[in-house]
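I have placed the structure first, in the form of structure tokens, so that the comments after it can refer back to it.
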Amino acid sequence: EAKALGRNRVAAYNMAMQNKAAERAHYEARLRDAIRAGDIVPHYQPLINLKTGALCGFEALARWTDGNGRPVPPPVFIAIAEETGLITELFERLLSHACADAAGWPAEVMLSFNISPVQMKDPLLAGRILKITADAGLAPQRLEVEITENALIEDPELAGNLLRELHAAGIQIALDDFGTGYSSLSQLARYRFDKIKIDKSFISTQDDERQEKIVLAMLSLGRSLNIAITAEGIEQHQQLAYLMAHGCDIGQGYLFGKAMPAEAAAAYVRERQAMAQPA
Ligand code: C2E
Ligand code: MG
Ligand code: MG
Ligand code: MG
């Protein structure tokens, strides 16, 4: 009986894997087409300075709506792009697009852009980024690159070189999804970051005293290392009030706005400017 159960499980597992492989092959072909057709575009989520209330940047988040009008989740198509080597082409198109949009925003509004761990293996990455910003006419000082902890582990020397090259060019570096990866604290000791982004999983938990204490510790860590802290995933006023009361520097989340298309982001900028300068 136990054997039969085991066989059933194996069959179910194989079935799931086959479906997965088929799904993947299906997406790979369509991903290639979508990238070339320009169907994957950056949307922009506002980043708010919590000390002043000013808009201080937008994070570019890739969006792909497939032929049937269904959005494909970024973690799905980014993973396929990574596995198939399409990530470099996707990245170059998205970054050029985003830099061109950002060049039209006020100078104090930064562009944050995510770099996948797979790209960190490319020794030419810093050069590629600089060429794209230059071609778009965006000052490198207005670009911030977001990398995750896991991206730093595989080849620390290569990662160190990349971060040094980017910093030398004036580009800022944020440590994304802080607290969810491996050995967060040793990364902070080893590399210089301009910003730490507290992962939304720490923000979203309601009335959890332990989580709150961890957030407090992260805020105080940022203060003592003189690194600005962004909190991701702010959805409720209560969460915002807590973060503001404890000195969090920057906020991001549905409370301020979801990622929006370029035209909507430009309108968001204009609204904010009108609010800041009442007639
Ligand atoms: P991330 O860089 O940590 O981006 C933040 C994610 O949190 C985004 O999900 C954003 O839509 C979501 N988010 C922001 N505020 C809230 C909130 O208040 N509530 C909730 N529930 N979610 C919120 P998204 O756009 O689905 O992207 C997921 C991940 O995919 C990103 O995480 C990033 O790792 C990756 N990604 C997205 N675009 C790109 C890209 O252009 N290149 C690369 N390499 N990775 C990307
Ligand atoms: Mg990010
Ligand atoms: Mg993040
Ligand atoms: Mg995240």
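Summary table below
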{"quantity": "Helix 87-102 axis, angle to the chain major axis (alpha carbon atoms, nearest 10°)", "calculated": "20 degrees"}
{"quantity": "Trypsin sites (Lys or Arg not before Pro) restricted to DSSP loop in segment 185-246 with at most 12 other C-beta within 10 Å", "calculated": "ARG192"}
{"quantity": "Residues of segment 150-279: accessible area per residue with a 1.4 Å probe, Å²", "calculated": "55 Å²"}
{"quantity": "Equivalent ellipsoid semi-axes, the chain, via Cα gyration tensor eigenvalues times 5, rooted, Å", "calculated": "32, 25, 21"}
{"quantity": "GNM top mover of VAL76, VAL215, VAL269 - the chain, alpha-carbon springs below 10 Å", "calculated": "VAL76"}
{"quantity": "Contact order relative to length of segment 202-247, as percent, for alpha carbon pairs under 8 angstrom and 6 or more apart", "calculated": "42 percent"}
{"quantity": "Helix 156-168 vs. the chain, principal-axis angle (Cα, 0 to 90°, nearest 10)", "calculated": "30 degrees"}
{"quantity": "Relative contact order %, the chain, counting alpha carbon pairs below 8 Å whose residues are six or more apart", "calculated": "18 percent"}
{"quantity": "Restricting segment 84-163 to GluC sites (Glu not before Pro) in coil, as DSSP defines it, with at most 16 other Cβ within 10 Å", "calculated": "GLU108, GLU154"}
{"quantity": "Pairs beyond 23 Å (Cα-Cα), from LYS197/LYS258; LYS200/LYS258; LYS51/LYS213; LYS51/LYS200", "calculated": "none"}
{"quantity": "Relative contact order, percent, segment 11-104 [alpha-carbon distance under 8 Å, six or more residues apart]", "calculated": "24 percent"}
{"quantity": "ALA189 versus ARG223: modelled label distance in nm, points set 7 Å from Cα along the beta carbon direction", "calculated": "2.3 nm"}
{"quantity": "Nearest 10 degrees, 0 to 90: helix 209-225 Cα axis against the chain principal axis", "calculated": "60 degrees"}
{"quantity": "Nonlocal amide H pairs with MET110, under 5 Å, H built at 1.01 Å", "calculated": "GLY57, PHE58"}
{"quantity": "Pairwise label distance in nanometres, GLN206 with GLU89, each label 7 Å out on the Cα-Cβ vector", "calculated": "4.6 nm"}
{"quantity": "Simple label model, 7 Å out from Cα along Cβ direction - ARG128 to ALA276, nm", "calculated": "3.3 nm"}
{"quantity": "FRET efficiency, 1/(1 + (r/R0)^6) with R0 45 Å, evaluated for ASN68 and GLN141 via beta carbons", "calculated": "0.65"}
{"quantity": "Efficiency of FRET from Cβ geometry, ARG7 and ALA245, R₀ 45 Å, rounded to 0.05", "calculated": "0.20"}
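The values are calculated or read from the model by the stated rules, or taken from the named source; none is laboratory data. Computed from a prediction, not measured in an experiment: that's the story for all the values here. Cβ coordinates were reconstructed from backbone atoms using ideal geometry, including for glycine residues, and neighbour counts include every protein chain displayed. Just the protein is used for accessible areas: all its heavy atoms, side chains included, with ligands, DNA and RNA removed. Shrake-Rupley method; radii C 1.70, N 1.55, O 1.52, S 1.80 Å.
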